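Asker: This is the structure I want to talk about, given as structure tokens.
Please treat every number below as a calculation from the coordinates, not as lab data. Here the structure is a predicted model, which is why all the values come from computation and not from measurement. Virtual Cβ from ideal backbone geometry, glycine too; neighbours counted across all protein chains shown.
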Amino acid sequence: MQIFGTTKLLGVIGDPVKHSFSPLMHNAAIAELGTDYVYLAFPISANNLKTALDGFRAIDLKGFSITIPHKQSIMAHLEAIAPEAQMVGAVNTVWQTETGWQGTNTDVAGFIAPLKALDKDWSTVSPVILGNGGAARAVVVGCHQLGCPQIHVIGRNPEKLTTFAKSWQGTPLEQKLQTHLWGDLNRLIPTTKFLVNSTPVGMHPNIDASPVSAELMKLLSSDSIAYDLIYTPSPTQFLQLAQNQGATIFDGLEMLVQQGAIALEKWLAQPVPVATMRQALLEHLAQKTKA
Ligand code: NAP
């Protein structure tokens with residue numbers, strides 16, 4: 001990739017942001033397209049968010065990704081927010097318009113992308129989602145978009161679970177969503193065909209951990225789908241246990257790739273080489289695992 005006087009800027013903001021895979025993935029695609037852009041990581045602290053946005057406008061930065069801790073606080077600075085980002089309550093992608101910044105949440109489309117490829121009827125599938133953090137919100141909206149009739153969310157903290165449930169009031173999810181404590185899992189697993197892990201349990205380096213025990217996983221029916229948002233290791237212990245039951249499994253890599261590809265398409269206003277983005281990530285993760 002060459003940088004010229006004309007090169008346009010994209011980036012990711014977060015604090016910290018130095019571990020982000022986004023520069024690697026986006027610059028691989030930009031290089032393949034031969035388009036005059038570069039994507040950089042910008043460490044921005046919470047109290048510098050407004051200053052950073054003013055600066056981005058001044059230097060004509062075309063768009064950016066948002067990671068922790070700005071996914072919610074950025075919303076107050078945007079001129080327009082896409083409905084699915086409003087529902088999730090978080091924005092991960094922003095682009096510049098004549099009148100100001102606009103934002104959306106591409107995690108939702110990223111999450112459902114590999115599921116849509118199954119061409120499955122979701123109207124009889126009621127997922128069980130483990131965890132009620134930020135990623136679970138995108139999973140809930142994704143399951144709603146797929147057409148799932150009921151959505152069960154499992155959390156370990158009753159207060160956080162109540163806040164989570166209340167946050168959907170006044171949305172179409174209010175009627176569909178049921179929250180449960182982990183003790184309900186043995187009752188719920190046999191009833192579901194779609195089990196999603198949106199907790200960090202089992203993520204590298206804790207690769208022997210699983211949010212669902214081997215014993216409980218035996219309750220999962222063989223025609224189920226298990227989806228882990230974690231992408232290292234692949235497969236996680238959770239996915240291995242589900243696969244032992246005969247379930248179809250998905251790890252979080254495709255979600256990561258697709259949410260990035262959707263954002264890059266928005267900024268560049270052209271199709272992007274998704275396979276190149278996926279390959280760049282896979283090679284980097286393989287190197288990291290070896291190190
Ligand atoms: P988060 O906001 O911190 O939420 C984590 C959730 O997991 C919380 O509900 C937390 O419960 C629960 N949890 C944590 N440790 C637990 C444990 N030992 N037992 C039971 N529950 C536990 O994190 P997040 O942003 O939602 O991310 C969650 C996972 O998804 C991470 O592994 C992240 O890497 C992955 N992710 C992947 C993608 C992708 O593109 N593939 C995108 C986003 C996130 P409390 O609130 O009670 O602590």
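Asker: Is the stretch 14-87 rounded, prolate or oblate when judged by the Cα gyration tensor, a ≥ b ≥ c being the square roots of its eigenvalues, rounded requiring a/c under 1.5 and prolate requiring a/b larger than b/c?
Answerer: Details: a/c = 1.57, a/b = 1.48, b/c = 1.06.
The shape class here is prolate.
Asker: Next question. If packing is taken as the mean number of other Cβ atoms within 10 Å per residue, what is the order of 44-50, 280-286, highest first?
Answerer: Values: 44-50: 13.6, 280-286: 15.7.
Highest mean packing first, the order is 280-286, 44-50.
Asker: For the chain, give the magnitude of the charge dipole about the Cα centre (Cβ charges: +1 Lys/Arg, -1 Asp/Glu; no others), in debye to the nearest 20. Kindly include the intermediate steps, with their values, before the conclusion.
Answerer: Details: 20 positive and 22 negative charges, 72 e Å.
Using Cβ point charges on Lys, Arg, Asp and Glu, the chain gives about 340 debye.
Asker: Please order T232, T104 by the number of other Cβ within 10 Å, starting at the fewest.
Answerer: Working: T232 17, T104 24.
So the ranking, lowest neighbour count to highest, is T232, T104.
Asker: Let me ask something else. Taking square-rooted eigenvalues a ≥ b ≥ c of the alpha carbon gyration tensor, is the stretch 138-291 rounded, prolate or oblate, where a/c under 1.5 means rounded and, failing that, a/b exceeding b/c means prolate?
Answerer: Details: a/c = 1.91, a/b = 1.22, b/c = 1.56.
Oblate shape, in that a/c is at least 1.5 and b/c is the bigger or equal ratio.
Asker: Give me the angle, in degrees from 0 to 90, between the Cα long axis of helix 253-268 and the longest principal axis of the Cα atoms of the chain, rounded to the nearest 10.
Answerer: Compared with the principal axis, the helix lies near 30 degrees.
Asker: So, one more: Let's test this: bin the Cα-Cα distances of the stretch 107-215 at 5 Å from zero up to the farthest pair and state each bin's percent.
Answerer: Result returned by the calculation: 2, 12, 22, 25, 21, 13, 4, 1, 0.
Asker: Quick one: Kirkwood hydrodynamic radius for the chain, alpha-carbon pairs, angstrom, one decimal? Don't skip to the end; give the middle numbers.
Answerer: Values: mean 1/r = 0.0502 Å⁻¹.
Value: 19.9 Å, from the Cα pair sum.
Asker: Can you sort T162, T6, T67, T179 so the residue with the fewest Cβ neighbours within 10 Å comes first? Write out the running numbers ahead of the final one.
Answerer: Working: T162 12, T6 6, T67 17, T179 21.
The most exposed by this proxy come first: T6, T162, T67, T179.
Asker: Under 17 Å between C-alpha atoms is the cut-off here; go through the stretch 1-159 and count lysine pairs that meet it, provided they're at least eight residues apart or on different chains. Numbers along the way, then the final one.
Answerer: Details: K8/K62; K18/K71; K50/K62; K50/K71.
Lysine pair count for the stretch 1-159: 4.
Asker: Going by C-beta contacts inside 10 Å, put C148, C143 in order with the fewest on the left.
Answerer: So the ranking, lowest neighbour count to highest, is C148, C143.
Asker: Listed highest first by mean packing, meaning other Cβ atoms within 10 Å per residue, what order do 211-219, 190-198 come in?
Answerer: Values: 211-219: 16.3, 190-198: 21.8.
For the peptides 211-219, 190-198, the packing ranking is 190-198, 211-219.
Asker: Further question: Determine the calculated [θ] at 222 nm for the chain from helices alone, applying -39500 (n - 2.57) to every DSSP H run no shorter than 4 residues and normalising by the residue count; nearest 500 deg cm²/dmol. Present the calculation step by step, with values, prior to reporting the outcome.
Answerer: Details: 12 runs with 113 residues, N = 291.
Per the formula, -11000 deg cm²/dmol.
Asker: A further question on this structure: Between N244 and K8, with labels modelled 7 Å along Cα→Cβ, what's the label distance in nm to one decimal, could you check?
Answerer: For N244 paired with K8, the spin-label model returns 5.1 nm.
Asker: A follow-up question, please. Between helix 49-58 and the chain, what is the angle of the helix's C-alpha long axis to the longest principal axis, kept within 0 to 90° and rounded to the nearest 10?
Answerer: So the inclination is approximately 40 degrees.
Asker: Mind listing the long-range amide H neighbours of A41? Cut-off is under 5 Å, sequence gap 5 or more, other chains count too, H placed in the peptide plane at 1.01 Å from N.
Answerer: Residues meeting the amide H criterion: V12.
Asker: Using the crude model of +1 on Lys and Arg Cβ and -1 on Asp and Glu Cβ, and no other charge, please compute the dipole size for the stretch 109-251 relative to its Cα centre, in debye to 20.
Answerer: Values: 10 positive and 10 negative charges, 58 e Å.
My answer is approximately 280 debye.
Asker: Can you give the % of DSSP beta bridges in the chain that are antiparallel, to the nearest 5? Provide the component values of the computation, followed by the final result.
Answerer: On the way: 7 of 38 bridges.
Of all bridge pairs located within the chain, approximately 20 percent are antiparallel.
Asker: Just to confirm a number: summing +1 for Lys and Arg and -1 for Asp and Glu over residues other than A28 whose beta-carbon lies under 15 angstrom from that of A28, what do you get? Provide the component values of the computation, followed by the final result.
Answerer: Details: positive: R278; negative: E32, E265, E283.
The answer is -2.
Asker: Evaluate the relative contact order of the chain (contact order divided by residue number), counting alpha-carbon pairs under 8 angstrom at least 6 apart; express in whole percent. Could the numbers behind the result be given before it?
Answerer: Numbers: 539 pairs, mean separation 48.0, N = 291.
Computed over the chain, the figure is 16 percent.
Asker: With point charges of +1 on the Cβ of Lys and Arg and -1 on the Cβ of Asp and Glu, referenced to the Cα centre of the stretch 109-251, which listed residue (Q240, I230, F111) lies farthest in the positive direction of the dipole?
Answerer: Highest projection toward the positive end goes to F111.
Asker: Between E215 and L282, what is the spin-label point distance in nm, taking each point 7 Å from the Cα along the Cα→C-beta axis?
Answerer: Result: 3.8 nm between the two label points.
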